[in-house]
Amino acid sequence: MNAAAKRARAWLVAIGAAGAIVLAAGCGEKASPVAPRTNTPPAVVALFPQPRATLVPYFTQIYAQFDHALDPATVDTTTVFLKVDTRRLPVRVEYIRIVNRIQVTPRVELDLNRTYTVEILGRVKTSDGDSLGQKLVWQFTTNNLRRMYPLTPVPGALEGPHALLTWGGNGGAQNSIVYDVYAGPDSVAVRNRTAFRRQTGVFVSYLPRDSWPAGERVFWSVTAHHLGTGEQLEGPVSSFVVFPQDAPIDSMEVPVLDYGGAIAGSSQQFCTQATIRSGPTFNSGIRFALTGALPGLRVASARVVIRANPLSSQSPGLDVTYLWYAQNAWSNCSFAAGGAPYAEVNGELALGSADELAVTFQSPGLAAFIEAAGRYGGWHGLLLRAPVGTTIWDVNSFTVPRPSMMVYFYRPTIPSTDAR
């Protein structure tokens, strides 16, 4: 190839290369550059409990709901927390796809009147890859009452007409919580709280003063009121069945366990004396052998008979002698006139019926007390109250029988022979 041909070929190659460069540049000008993707966080639709809410039931639901579907792989216990102060609580975290909801369920029971914090980390994402970006945080404070549940009678149990009602949930009696007790044969009236209100008080038990109707199902429930916050919580409706009127009955006599008393202005204790006395300046009590050792006891009826010594009794006082149950435990040689043991505020059980020098105490309330003391224990004996001074028992008199307690109970529930 001569020199001219070589120059022509080089020129053509140069022209082609330049055209390729121009073509590449032209293509670059026509294709717009891809813009970086912007994050669009999902919007919160609802939080529950609401932020800063108070008196929230401790068994509440806890959730956050969003306007977009989330990526379930980013919703778990590494991104969602429930805390009290700075301590994380064990929880179950679920993503409910149909409503785009993060559900948080504590694995421990929440404390009352405590502030809890819910945290959802910013790395939780939508199904499109958008993240919360910032941490979602809110707080709520729990209520002051726990759910109540029946203790006795066991739901559906067969009971006598004087069964004690007891319930749990908030511990023992406390001055800040008052309970209304509703009971009767109409379950709807009990549920709606239109049934007869049997008791209002701080007690976590109801000792009936009237007999439950024989052969019927009795429904009952309790409403709790917190006096400090005004909060109210209704318990569930429970029920039991009462023995029929013609159910077979047996009987037993319960012996005296001990007694005691004191008179105002004297250090003398009746536990070392021959007599029990009652009157406006006396504090006297008597215990029978009811120690909680009779769990099967269902009382049909009962009576207590105390006889007076004809040589020392002021018989008019027998007509106005009452039995009350004691508020607190007592030692038979540590009575205080005008002091301990104290009669329970609503603890009147029976007014005695006098017949010559014997006084008989008999009532549904006394039968209920005897059954409760025999089945469960923890009841503190009987106190004698009278406005007129009377010597009602002389233990040294061979002519005056000791006080007696006769209990008539339903035969299918025969008590232990040790307590006869």
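With the condition kept exactly as written, say whether any residue in the range 132-140 is more than 21 Å from Leu55 (Cα to Cα), in the same structural domain as Asp210 (by TED's automatic domain parsing) and not in a strand (DSSP E or B).
no
Within the range 320-367, restricting attention to residues that are assigned to a strand (DSSP E or B) and hydroxyl-bearing (Ser, Thr, Tyr), which residue is nearest to Ala302 (Cα to Cα)?
Thr360
Return the pair list, or none, for Cβ contacts closer than 7 Å from residues in the range 266-291 that are over 22 Å from Glu344 (Cβ atoms) to residues that are outside any loop (DSSP other than H, G, I, E, B) and β-branched (Val, Ile, Thr), at least 6 apart or on different chains.
Note: pairs meeting the criteria are Thr275/Thr391.
List every residue pair whose Cβ atoms sit under 8 Å apart, with the two residues 6 or more apart in sequence or on different chains, where the first one lies in the range 53-67 and is farther than 13 Å from Leu82 by Cβ and in contact (Cβ under 8 Å) with a residue 12 or more places away in the chain and the second, anywhere, is basic (Lys, Arg) and assigned to a loop (DSSP other than H, G, I, E, B).
These pairs meet every condition: Phe59/Arg147.
Evaluate the following for Pro161: is it under 30 Å from Ala367 (Cα atoms) and in contact with a helix residue (DSSP H, G or I) (Cβ under 8 Å, 6 or more places away or on another chain)?
For Pro161, the condition - under 30 Å from Ala367 (Cα atoms) and in contact with a helix residue (DSSP H, G or I) (Cβ under 8 Å, 6 or more places away or on another chain) - is met.
From the list Arg197, Arg193, Arg107, which residue is out of contact with any Asp or Glu (no Cβ under 9 Å at 6 or more places or on another chain) and loosely packed, with under 14 Cβ neighbours inside 10 Å?
Only one candidate qualifies: Arg107.
Restricting attention to the range 33-81, which residues are among the basic types (Lys, Arg) and under 27 Å from the mean Cα position of the chain (by Cα)?
Arg52
Every residue in the range 111-131 that is within 31 Å of the chain's Cα centre (by Cα), in contact (Cβ under 8 Å) with a residue 40 or more places away in the chain and in a loop (DSSP other than H, G, I, E, B), please.
Matches in the range 111-131: Asp111, Leu112.
Answer yes if at least one residue in the range 351-358 is more than 13 Å from Ile286 (Cβ to Cβ), surrounded by 15 or more Cβ atoms within 10 Å (Cβ to Cβ) and at pLDDT 95 or above, and no otherwise.
Taking every residue of the range 351-358 in turn, none turns out to be more than 13 Å from Ile286 (Cβ to Cβ), surrounded by 15 or more Cβ atoms within 10 Å (Cβ to Cβ) and at pLDDT 95 or above.
Which of the strands (runs of 3 or more DSSP E) found entirely inside the range 233-284 contain at least 3 residues meeting this: of a type outside the set (D, E, K, R), at pLDDT 90 or above and under 30 Å from Arg411 (Cα atoms)?
Per the criteria, 238-242, 249-254.
Looking at Trp212, Trp220, which one is in a loop (DSSP other than H, G, I, E, B), outside the structural domain of Glu344 (by TED's automatic domain parsing) and buried (at least 16 other Cβ atoms within 10 Å of the Cβ)?
Trp212
Please state which of the following conditions Val304 fails to meet, knowing it meets all the rest: (1) within 22 Å of Tyr325 (Cβ to Cβ); (2) surrounded by fewer than 23 Cβ atoms within 10 Å (Cβ to Cβ).
Only one criterion is unmet by Val304, namely (2).
Any idea which of Ser221, Ser211, Ser176, Ser238 is hydroxyl-bearing (Ser, Thr, Tyr), within 15 Å of the chain's Cα centre (by Cα) and closer than 28 Å to Ala350 by Cα?
After applying the criteria, what remains is Ser221.
Ala173 versus (1) part of a loop (DSSP other than H, G, I, E, B); (2) modelled with pLDDT of 95 or more: which is the lone unmet condition?
Failed condition: (2).
Kindly establish whether Trp324 is touching a residue at least 60 places away in the same chain (Cβ under 8 Å), in contact with an Asp or Glu (Cβ under 8 Å, 6 or more places away or on another chain) and at negative phi.
Considered against the rule, which asks whether it is touching a residue at least 60 places away in the same chain (Cβ under 8 Å), in contact with an Asp or Glu (Cβ under 8 Å, 6 or more places away or on another chain) and at negative phi, Trp324 comes out as yes.
Condition check ((1) surrounded by 10 or more Cβ atoms within 10 Å (Cβ to Cβ); (2) modelled with pLDDT of 90 or more; (3) charged (D, E, K, R); (4) not in a loop (DSSP other than H, G, I, E, B)) across all residues:
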| position | (1), (2), (3), (4) |
| --- | --- |
| Cys27 | no, no, no, yes |
| Pro36 | no, no, no, no |
| Ala46 | yes, yes, no, yes |
| Tyr63 | yes, yes, no, yes |
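The values are calculated or read from the model by the stated rules, or taken from the named source; none is laboratory data. Predicted model, so just to flag it, every value in this text is computed and none were measured. Positions of Cβ are generated from backbone atoms using ideal geometry, with glycine treated the same way; all protein chains shown enter the neighbour counts.
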